[in-house]
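In what follows, a structure is listed as C-alpha cells, so that the remarks can point back to it.
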Amino acid sequence: MIIDCHSHIASRTVLPPQFFDGWLKTVRAHLPSNLDAMQMERMDELLRALNEDPQSVKHIAEMETAGIDLAVLLVIDFGIIYKDLPITIEEVHLEHKRLLERSNRFIAFSGVDPRRGKEGLELFEKAVTDWGFRGLKIYAPCGYSPSDKRLFPFYEICSARKLPVLTHVGPSSATLSFRHTNPLGVDTAALNFPNVNFILGHAGVTLYRQAGLIAQYRPNIYLDLSGFQAEVTRGSFRNILKWHLSRGLSRRLLFGTDWPIHRFFGSQQRWVNEIRNCEAAGVLSAEDTENILSGNMKSLLGITGEGNDTGSTK
Amino acid sequence: MTQVALNDNQLAVKQILISLCQKNLNHEELNGGMKLFEDLGVDSLQFIRLILEIETSVGKKVFDVETIANLKTVNDLYEVLETQ
C-alpha cells in the first residue's frame, strides 16, 4: 500500500492564479536573460497548465500508474492574504467534499486561516464532524505561525479527535511571506499539544537537518518528503535519507508528492520508483520502505487495513 | 554496429542538449538511451530551457504537461518530435 501524505486539487479555485504568479516570477528570475518573450510566455503557459485538473482525473490516473492507493488532499486558506478569489473558503471545502464522495482514493485535511476567528473554527469543526475531513493543514506562508495561539482551539479539536496537523515548512510562492516557515516555528504548538501529531510539510528535504533534529527529540513531529523531486535530480536525495535514518527517523518519514506542483520533473511513478530503488541500493531496508510509503501515515490516520477504511468522523 | 541516421529535428535536440548540459559531450558520445537527469545531469532549470529551446527550434508547440512528466531519456525527446 502507498499513501501520498501531501497533494492538492489542481484547480484555480484551490490553488489561485496569484499563488502561481509568484512561483512563475521565481522561475523567471532563475532563467537566463536571453530567453525571448515568446519563450517566457510559453513557460508561463506550461507551468499554469500544471494546475488544470479540477476533476482530479489526471491525478487519479497518475496514482493508479504509480500504485498510490490513497492521497491526502490539503486545503489551503488563501482567502485572507489574496483578494478577489473566485470562491469562498467554505466552497473550497465543499469542492473537496464532493471529490471525497466521488472517489475513495482521497482523504482531505481542512485548512482555515486562524485570523477568521470563531467563524473559521466553526468551519473546521463542521469539516471534521460532518464532511469527513481527517486533519488540519496550516499554511504559514499566508502570514501566521503554526504556534499562533489563535490556532490552539483548532489543536484542541485535533487532540480530542486524534487528527494530524500538516504545516508547510520552507519557502513558497514569491507572493507570500517566508517569515513563519522555519521548522522551529511549530515547536511551541508541538510542546503544548503532545497528543497532536504535527507533520512538517516538505521538511524531509527542506531545512531537513533542523527539522530532523526537532523530530528526533519530539515524538509528535513527522517529516513529509514531498518536494524531494528536485533533490533526486540533484543527486542528493539518498544522502538526505541516510542522514534521517542515522538519527532513527525511519518511523517519522512520510512519502508525499505535492501534486500538482512538481509534475514537470517526473511522474508520480518516478518518485515511487526512486523510493523503491533506494531499497534496492541498500539505502532503505524493506521495513524503512514500508514505513515511508504507507506505515507511518497509516498510524497517523488510524488506518488499520489496506484501504481508506477507518478514521472517518462522519 | 549500424548507426541509424538522425533527422534534422533529432540533430537539433542533440545540439541543444550538448550546449545545455555542460558535460563536454560530442555528438558521437551523446546517445538516445542516455537519461536526461541521471546521465546528462540536467537540472530543473536546464530542463525547462530544454523544452523551450526544442520548441523554438522546431517552430511549434510539441510538449504538454503529461509528455514532459514522462521524459526520461534522449530517445523520449525524439519520440515526442516523431509523433507530432
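Structure notes:
- For peptide A:40-49, the mean count of partner chain Cβ atoms within 10 Å of a residue's Cβ comes to 3.
- For the chain pair B and A, buried accessible area totals roughly 2000 Å², probe 1.4 Å, rounded to the nearest 100.
- The residues of the protein assembly as shown expose, per residue, 43 Å² of accessible area to a 1.4 Å probe.
- Per-residue Karplus couplings for segment A:94-105, computed as 6.51 cos²θ - 1.76 cosθ + 1.60 with θ equal to phi - 60°, are listed in order as 5, 4, 5, 4, 4, 5, 4, 6, 7, 9, 8, 8 Hz, Gly and Pro entered as x.
- Ranked by the mean number of other Cβ atoms within 10 Å of their residues, highest first, the peptides A:49-55, A:22-28 come out as A:49-55, A:22-28.
- Length-normalised contact order of chain A in % [C-alpha pairs under 8 Å, at least 6 apart]: 21 percent
- A 1.4 Å probe over all protein chains sorts A:69, A:224 by accessible area into A:69, A:224, starting with the largest.
- Computed over segment B:8-82, the P(r) curve from all C-alpha pair distances, binned at 5 Å from the origin, holds 3, 17, 33, 29, 15, 3, 0 percent per bin.
- In order along segment A:236-247, the Karplus-derived 3J(HN,Hα) couplings, from 6.51 cos²θ - 1.76 cosθ + 1.60 at θ = phi - 60°, round to 9, 4, 5, 5, 5, 4, 4, 4, 4, 5, 5, 9 Hz, and Gly and Pro are given as x.
- For chain B, relative contact order (Cα pairs under 8 Å, six or more residues apart, normalised by length) works out to 36 percent.
- Label positions at residue A:122 and residue B:23, each projected 7 Å from the Cα along the C-beta direction, are separated by 6.1 nm.
- Highest-first arrangement of B:64-73, B:20-29, where packing means the average Cβ count within 10 Å: B:64-73, B:20-29
- Of all accessible heavy-atom area on the protein assembly as shown, the percent that carbon and sulfur account for (1.4 Å): 48 percent
- The accessible-area ordering, largest first, of the residues A:226, A:177 stands as A:177, A:226, per a 1.4 angstrom probe.
- With the charge dipole of segment B:8-82 set up from +1 on Lys and Arg Cβ and -1 on Asp and Glu Cβ about the Cα centre, the Cα lying farthest toward the positive end among the listed residues B:31, B:51, B:67 is that of B:51.
- Overall dimensions of chain A as given by Cα atoms, namely Rg and Dmax in Å: 18.4, 56
- Around the Cα centre of segment B:8-82, unit charges on the Cβ atoms of Lys, Arg, Asp and Glu (plus for the first two, minus for the last two) sum to a dipole of about 180 debye.
- Other protein chain C-beta atoms within 10 Å of residue C-beta, averaged over A:224-235: 2.
- The mean number of partner chain beta-carbon atoms within 10 angstrom of a residue's beta-carbon across peptide B:43-56 is 5.
The values are calculated or read from the model by the stated rules, or taken from the named source; none is laboratory data. Quantities reported herein were computed from a predicted structural model and do not represent experimental measurements. Here the Cβ is made from the backbone with ideal geometry for all residues, glycine too, and neighbour counts use every protein chain on show. Ligands, DNA and RNA are excluded from the accessible area calculation, which covers all protein heavy atoms including side chains. Shrake-Rupley method; radii C 1.70, N 1.55, O 1.52, S 1.80 Å.
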